[in-house]
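What follows draws every value from the coordinates through simple rules; no lab data is involved. These numbers come from a predicted model, not from an experiment. Because the Cβ atoms are built from the backbone with ideal geometry, glycine has one as well, and the counts that use them run over all protein chains shown.
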Amino acid sequence: MSGTLRSAHPMLVALMLTLTLPSPCAVARPAPSLMEKTRFVDDLLSRMSMAEKVGQLRMVYAGPAPLPPNDWVAVTQGHVGALLTAPNVSRARLRLLQDAATRHSRLGIPVFFAADVLHGQRTVFPIGLALASSWDMQAIASSARVAASEATADGLDMTFAPMLDISRDPRWGRISESPGEDTFLATRIAATTISGLQGPRPGAADSLMACAKHFAAYGAVEGGRDYNTTDMSPQRLYQDYLPPYKAAVDAGAGALMTALTTLNGTPAAANPWLLQQILRQGWRFNGLVISDDGAVGDLLAHGIAADGGSAAQRAFNAGTQMSMNDRFFGQALPELVKQGRVPGEALDDAVRQVLATKYDLGLFHDPYRRLGKAEDDPTDQHAEQRLHRAQARDVARRTLVLLKNADQTLPLSKHGTIALIGPLADNPVDILGSWHGSGQARQAVSLYQGMKRVLGRDAKLLYAKGANISDDPKVFQLLGDNQVSFDSRSPSVMLAQAVAVASRADAIVLALGEARGMSHEAASKTDLQLPLQQRQLLRALKRTGKPLVLVLMNGRPLALVEESKTADAILETWFSGTEGGNAIADVLFGNYNPSGKLPVTFPRSVGQIPLYYNHLNTGRPFDPARPAPYRSRHFDIEDTPLYPFGFGLSYSRFALGAPRLTSQQLRAGQALDVSVEVKNQSSRSGETVVQLYLRDITASISRPLKELKGFEKVMLAPGETRTVTFRIEPSMLAFYDQQARLTTEPGMFDVMIGLDSENLQQTRFELLPSTD
């Protein structure tokens with residue numbers, strides 16, 4: 001989402017400055033502990049005018065500059081319910097706005113402040129896709145808790161997170177924010193993140209209300225084009241795309257945001273089937289539903305509304321309760337209620353929900369609960385002591401995925417001479433990734449800085465940029481986040497310098513990938529290869545004959561066939577945040593043993609998309625071991641993933657035994673266990689992720705080849721063997737049938753356990769028919 005920075009009219013400045021003083025207009029409010037919430041909210045609602053009610057359903061933009069005159073006056077009149085805040089807005093400015101709402105409006109109803117805190121506020125953690133690569137719920141919880149503590153210390157009440165859109169199309173730029181392609185992993189991340197953000201006591205000063213997004217199936221847009229349409233069967237929607245949002249609801253998320261896209265022809269913000277039948281009636285969600293930025297106005301472009309009034313009517317009646325950065329709710333709802341096109345009871349219910357959300361946030365007890373006192377404001381909001389570097393470094397190390405390590409190229413020696421080359425090698429801007437909150441590039445650790453710190457005086461570190469990320473300006477013209485810096489030297493001069501530097505080194509570390517804005521909202525692309533000049537740099541450095549380590553920085557799976565053949569080692573680091581350079585250096589030099597696993601499949605070519613591990617088998621499945629004509633495949637490519645879901649290497653070497661079942665049969669109401677021995681066969685302690693997959697062999701509809709149903713991350717000492725046990729219950733075997741009914745059918749099931757989704761040990765059991 002985005003906003004436009006706007007300035008207040010000079011005549012209002014004097015008025016604004018007076019609002020730090022108490023006003024006799026403010027209404028005394030009892031503490032929540034002294035009044036039951038429903039009675040309190042209903043009493044307040046009964047005293048509100050139509051304009052005040054409609055105002056509570058409006059979220060307006062608040063940037064570093066003062067509000068424009070109309071919006072400022074609306075706040076003082078109680079005609080704004082919440083403010084979408086830009087990064088780096090000071091507590092002082094937010095406090096001024098809260099003063100306006102609580103001390104100068106007739107009823108003194110507080111506003112709440114919301115922002116995009118997706119992977120950190122001031123301390124930037126790795127992007128969402130990277131966090132999913134950790135397969136580590138403790139690390140994800142830690143990142144969420146730190147983000148909440150920093151965001152609430154900046155005065156924020158709500159974050160538009162977590163982003164829970166399953167995506168199987170790396171052409172979509174927002175896959176960088178997502179938990180990847182798998183439903184089960186995403187549901188675990190959803191619950192963990194919301195618990196971390198909201199904490200044990202919702203309404204506490206350090207509790208940041210979660211607004212999960214984007215409801216629903218935004219990640220399945222056609223062609224990977226942002227804001228495009230999604231069209232799928234209800235069965236697939238229920239089975240694969242809705243469960244992460246359901247997990248968010250079950251975890252107690254205070255709000256949900258609608259998608260900007262259509263689902264089966266109906267825009268999400270005006271989709272009563274989604275917002276009422278599924279969300280309210282089916283899932284019993286009792287939180288707030290907020291539109292994405294400008295989504296109500298977008299209904300005109302979608303072609304389901306002829307004017308602002310009909311757009312407001314369609315969205316509101318469908319179940320959108322608060323409109324973000326949109327004028328039509330404020331302009332049209334009073335007349336729509338008067339005309340009977342919007343029921344007055346429905347309006348009251350929506351306002352009641354907004355007020356209940358503020359009650360839950362603790363704002364009626366203390367509107368400054370997270371803003372604090374003016375005298376406690378930090379003198380420097382970007383002060384170093386406000387950061388949580390140790391946590392960021394620890395989490396970032398857990399997200400790094402080792403894709404290749406031929407002849408144990410890694411870890412590198414801390415002696416000799418190392419050449420660090422590439423447009424992302426000393427780049428503290430892009431390492432932060434998209435939606436980086438209020439994180440500052442000057443506080444981020446680049447890879448060069450991280451390597452320099454690890455090596456100290458023990459080795460010589462040489463550096464050359466070697467190439468721009470892309471020499472084609474057109475690549476960046478339409479990016480929403482475009483802070484790319486270009487080296488003005490010619491490509492040939494930069495390349496020659498890089499080769500000269502590399503020729504003096506014992507080993508080469510090459511940092512290639514994307515600018516952060518290339519994996520961002522509205523950053524869809526058709527080519528998943530690295531830009532040409534980066535590939536040319538790789539080829540030139542390979543010709544030096546030196547050991548070549550490729551460090552990738554990117555927000556989506558890339559097509560890396562050439563790179564996987566050329567480089568001796570490949571480390572996928574995504575965009576790893578404030579401490580990214582230190583974390584990557586820790587892994588490169590062996591101070592940390594990598595344990596990340598891919599949460600999404602890496603294709604060989606964009607032509608394979610969609611490519612994901614849990615696909616249906618088809619009537620003529622392709623067997624890579626026995627290729628034959630008239631099979632489901634692309635004939636012009638090795639039709640397998642380059643790197644499969646769940647894949648990731650370690651400096652340790654692990655081996656799995658055969659899975660053992662406690663029973664070959666499973667009855668309704670019972671459970672069985674499957675155990676496997678995992679051994680560290682190396683001389684180094686290491687951590688890996690043991691993964692459980694199930695397959696329904698024969699059912700009333702075609703079922704996936706395998707589905708992730710469990711995982712456990714285990715640390716093993718050298719030579720240590722540990723038994724990992726998973727419990728299998730009938731509920732894990734349920735699926736949505738052709739009528740989108742959740743059902744469990746008797747029959748045979750394969751149990752598969754491995755360290756990725758392709759190399760699996762297998763056994764089988766039977767689910768017996770129910771005796772009921």
Self-check item: Isotropically averaged projected area of region 412-608, using the convex hull of Cα atoms (one quarter of hull area), nm²
Solution: 10.9 nm²
Quiz item: Ordered by residue, what ³J(HN,Hα) values in Hz, to whole numbers, does region 612-617 give under the Karplus form 6.51 cos²θ - 1.76 cosθ + 1.60, where θ = phi - 60° and Gly and Pro are x?
Solution: 8, 6, 9, 7, 6, 7
Exercise. Can you grab the distance from the C-alpha centre of region 158-229 to the C-alpha centre of region 360-416, Å, no decimals?
Key: 19 Å
Quiz item: Can you work out the FRET efficiency for the pair residue 618 and residue 487, with r the C-beta to C-beta distance and R0 = 60 Å, to the nearest 0.05?
Solution: 0.80
Exercise. Could I have the simple spin-label model distance between residue 229 and residue 766, label points 7 Å from Cα toward Cβ, reported in nm to one decimal?
Key: 4.8 nm
Quiz prompt | Global geometry of region 654-767, whether rounded, prolate or oblate, following the gyration tensor of its Cα atoms and the 1.5 cut on a/c | solution = prolate
Practice problem: Using amide H atoms built 1.01 Å from N in the peptide plane, name the residues 5+ places from residue 602, or on other chains, whose amide H lies under 5 Å from its own. | Solution: 642, 643, 645
Exercise. Post the alpha-carbon centroid distance, region 504-559 to region 305-358, in whole angstrom.
Key: 48 Å
Practice problem: With a point put 7 Å past each Cα toward its Cβ, work out how far residue 331 is from residue 441 in nm, to one decimal. | Solution: 3.7 nm
Exercise. Calculate one ³J(HN,Hα) per residue across region 112-126 by plugging θ = phi - 60° into the Karplus curve 6.51 cos²θ - 1.76 cosθ + 1.60, and present them in order as whole Hz with x for glycine and proline.
Key: 10, 10, 10, 7, 8, 10, 8, 9, x, 9, 9, 7, 8, 8, x
Quiz item: Quick one: 622, 364, 329, fewest Cβ neighbours within 10 Å first, how do they rank?
Solution: 622, 364, 329
Quiz item: Tally Lys/Arg at +1 and Asp/Glu at -1 over every other residue whose Cβ is under 12 Å from the Cβ of residue 200; what's the total?
Solution: +1
Exercise. Please give the net charge around residue 47, taking every other residue with its beta carbon less than 11 angstrom from that of residue 47, where Lys and Arg add +1 and Asp and Glu add -1.
Key: -1
Quiz item: Here are some values of Kirkwood radius over Cα pairs in Å: (1) 27.5; (2) 28.3; (3) 30.8. Which one was computed from this structure?
Solution: (1)
Quiz item: Where the centroid of each part is defined by its Cα atoms, how far is region 592-645 from region 676-736 in Å?
Solution: 20 Å
Self-check item: Extension gain, residue 276 back to residue 529 (0.36 nm per residue minus Cα-Cα distance, nm)
Solution: 86.9 nm
Quiz item: Which FRET efficiency value, to the nearest 0.05, do you get for residue 70 and residue 625 by plugging their Cβ-Cβ distance into 1/(1 + (r/R0)^6) with R0 = 51 Å?
Solution: 0.15
Quiz prompt | Proximal aspartates and glutamates relative to residue 373, as straight alpha-carbon distance under 19 Å, when same-chain residues fewer than 8 apart are discounted | solution = 99, 150, 154, 157, 206
Quiz item: Along the Cα-to-C-beta direction of residue 266, a point sits 7 Å from the Cα; which residues of region 306-322 have their amide N less than 18 Å from that point?
Solution: 306, 310-322
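Given an 8 Å cut-off on Cα distances and at least 6 residues of separation, report the relative contact order of the chain as a percent.
Relative contact order here is 13 percent.
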Exercise. Determine the calculated [θ] at 222 nm for the chain from helices alone, applying -39500 (n - 2.57) to every DSSP H run no shorter than 4 residues and normalising by the residue count; nearest 500 deg cm²/dmol.
Key: -7500 deg cm²/dmol
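Gain in length, residue 699 to residue 634, computed as 0.36 nm per residue apart minus the alpha-carbon separation, to one decimal in nm?
Net length gain for the segment: 20.7 nm.
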Quiz item: Near the amide H of residue 424, under 5 Å away, which other amide H atoms are found, from residues 5 or more places off or on another chain, if H is placed in the peptide plane?
Solution: 511
Practice problem: Considering only DSSP beta bridges where both residues belong to the chain, give the percentage that are antiparallel (nearest 5). | Solution: 50 percent
Quiz item: Which of the lysines could a cross-linker span from residue 679 if the Cα-Cα distance has to be under 28 Å and same-chain partners fewer than 8 positions apart are dropped?
Solution: 404, 597, 706, 709, 713
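Pull out the extension gain between residue 727 and residue 684, defined as 0.36 nm times the separation in residues minus the alpha carbon to alpha carbon distance; nm, one decimal.
Working it through step by step, the gained length comes to 12.5 nm.
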